[in-house]
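Notes to accompany the following structure.
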Amino acid sequence: LFYFSFSDTLLSIHWRYLKVSKEMIGNIIAIGLPGALNTLIMSVSHILTNNVAISYGENTMAASGIMGRLLAIGIFLQMGIAQGYQPFAGYNYGSRDFNRLKKGFFVALGLSAIVGGTIAGTFWGFGKNLVGLFIENEEVVLKSVLMINAFAWALPLFAFNFLTSMTFQSAGRPHLALMLVLLRQLVLFLPMLYTLNYFFGFKGFILAQPLSDLPIGCLAFFLVHRFFKDTISAYQK
């Protein structure tokens with residue numbers, strides 16, 4: 001605060017710059033709403049998932065908790081890459097350097113895919129050993145490994161969906177990011193969770209999330225491909 005208030009810098013802080021407008025508030029809400037709703041909906045989904053898990057007993061609930069903590073390693077690393085990419089995307093979109101934006105998207109996607117693939121491979125190869133760090137109960141270990149194996153292959157898809165949403169938010173198209181969030185959790189995952197659980201039991205329960213990520217990944221690929229194609233073509237004209 002001292003530096004920006006009293007130093008001779010390009011950016012400075014002063015009360016006279018504190019001017020709030022409807023347009024500014026609207027832009028902040030539009031850009032931040034998809035991320036806020038995604039956090040809220042994921043929290044609700046987590047609660048409902050736990051309600052289904054507890055119907056299979058305490059061991060399944062424990063296994064679900066262990067799986068969540070292990071998967072969080074890969075998910076948070078991918079979210080970090082996506083959040084680092086977001087200001088890059090906003091800067092290049094604002095400066096109309098769309099080719100650099102596209103290149104940055106695929107660099108971030110490649111890094112996320114490497115992280116997701118490495119984490120998934122580690123889980124598949126050493127899942128039992130990793131779960132064993134948390135608990136020694138054989139039933140919990142077995143169920144945890146089954147859950148991890150079902151969820152892990154969707155880690156690269158999660159990264160792609162997250163990067164696509166970040167791109168749309170940075171490009172001032174929050175409606176597309178919001179659509180992906182709502183489709184993924186409300187339209188696909190929650191109905192799949194209860195439907196697959198009803199017809200296929202425990203296997204359906206653990207496959208609901210990764211199966212719901214697959215069609216969203218396909219839709220995200222179509223939307224981001226069209227976005228880059230239309231944006232670059234329009235600028236070149």
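The values are calculated or read from the model by the stated rules, or taken from the named source; none is laboratory data. Since the structure is predicted, the reported quantities are computational estimates derived from the model, not experimental observations. All Cβ positions, glycine included, derive from the backbone under ideal geometry; neighbour counts span all protein chains shown. Quick note on the areas: whole protein, heavy atoms, side chains included, nothing else; ligands and nucleic acids left out. Shrake-Rupley method; radii C 1.70, N 1.55, O 1.52, S 1.80 Å.
In region 40-49, is there at least one residue being small (Gly, Ala, Ser), within 30 Å of residue 156 (Cα to Cα) and either buried (at least 18 other Cβ atoms within 10 Å of the Cβ) or at pLDDT 85 or above (or both)? Write out each step before concluding.
Filtering region 40-49 down to residues small (Gly, Ala, Ser) leaves 43, 45.
Pick out the ones that are also within 30 Å of residue 156 (Cα to Cα) and you get 43, 45.
Checking which are either buried (at least 18 other Cβ atoms within 10 Å of the Cβ) or at pLDDT 85 or above (or both) leaves us with 43, 45.
Scanning region 40-49 turns up at least one residue that is small (Gly, Ala, Ser), within 30 Å of residue 156 (Cα to Cα) and either buried (at least 18 other Cβ atoms within 10 Å of the Cβ) or at pLDDT 85 or above (or both).
Has region 88-111 got any residue that is under 14 Å from the mean Cα position of the chain (by Cα) and crowded, with 18+ Cβ neighbours inside 10 Å?
First pass over region 88-111, keeping only residues under 14 Å from the mean Cα position of the chain (by Cα): 108-109.
Cutting the leftovers down to crowded, with 18+ Cβ neighbours inside 10 Å gives us 108-109.
Yes, that holds for at least one residue.
Are any residues in region 1-36 acidic (Asp, Glu) and outside any helix (DSSP H, G or I), and if so, which ones?
Step one: filter region 1-36 for residues acidic (Asp, Glu), giving 8, 23.
Scanning region 1-36 gives a single hit, 8.
Pairs only if they're at least six apart or on different chains, beta carbon under 6 angstrom, first in region 209-227 and charged (D, E, K, R), second open to solvent by less than 80 Å² (accessible area, probe 1.4 Å); list them, first residue then second.
Final answer for the pair search is 213/154; 213/157.
Quick check on region 192-209. Is at least one of its residues farther than 23 Å from residue 49 by Cβ, in a helix (DSSP H, G or I) and either open to solvent by 30 Å² or more (accessible area, probe 1.4 Å) or among the polar types (S, T, N, Q) (or both)?
Within region 192-209, the subset farther than 23 Å from residue 49 by Cβ is none.
Checked against the condition, which is being farther than 23 Å from residue 49 by Cβ, in a helix (DSSP H, G or I) and either open to solvent by 30 Å² or more (accessible area, probe 1.4 Å) or among the polar types (S, T, N, Q) (or both), region 192-209 yields no hits at all.
When you scan region 52-80, how many residues do you find that are of a type in the set (Val, Ile, Thr), open to solvent by less than 40 Å² (accessible area, probe 1.4 Å) and closer than 23 Å to residue 115 by Cα?
The first filter runs over region 52-80 and keeps only residues of a type in the set (Val, Ile, Thr), leaving 52, 54, 60, 66, 73, 75.
Checking which are open to solvent by less than 40 Å² (accessible area, probe 1.4 Å) leaves us with 52, 60, 66.
Still in the list and also closer than 23 Å to residue 115 by Cα: 66.
Of the residues in that region, 1 qualify.
Out of 61, 67, 24, report the one residue that is within 30 Å of residue 138 (Cβ to Cβ) and more than 22 Å from the chain's Cα centre (by Cα). I'd like the intermediate steps shown before the answer.
Numbers: 67 fails: more than 22 Å from the chain's Cα centre (by Cα); 24 fails: within 30 Å of residue 138 (Cβ to Cβ).
From the options 61, 67, 24, the qualifying one is 61.
Can you pull out every residue in region 103-114 that is at pLDDT 90 or above and among the aliphatic types (A, V, I, L, M)? Before the answer, list the steps.
As a first pass, look at region 103-114 and keep what is at pLDDT 90 or above: 103-112, 114.
Within region 103-114, 107, 108, 109, 111, 114 qualify.
Do any residues in region 159-183 that are closer than 13 Å to residue 220 by Cβ and assigned to a helix (DSSP H, G or I) have Cβ atoms under 6 Å from those of residues that are open to solvent by 20 Å² or more (accessible area, probe 1.4 Å) and of a type in the set (S, T, N, Q), where the two are at least six apart or on different chains, and which pairs are they?
Once the first residue is closer than 13 Å to residue 220 by Cβ and assigned to a helix (DSSP H, G or I) and sits in region 159-183, its partners that are open to solvent by 20 Å² or more (accessible area, probe 1.4 Å) and of a type in the set (S, T, N, Q) give 166/86; 177/169; 181/38.
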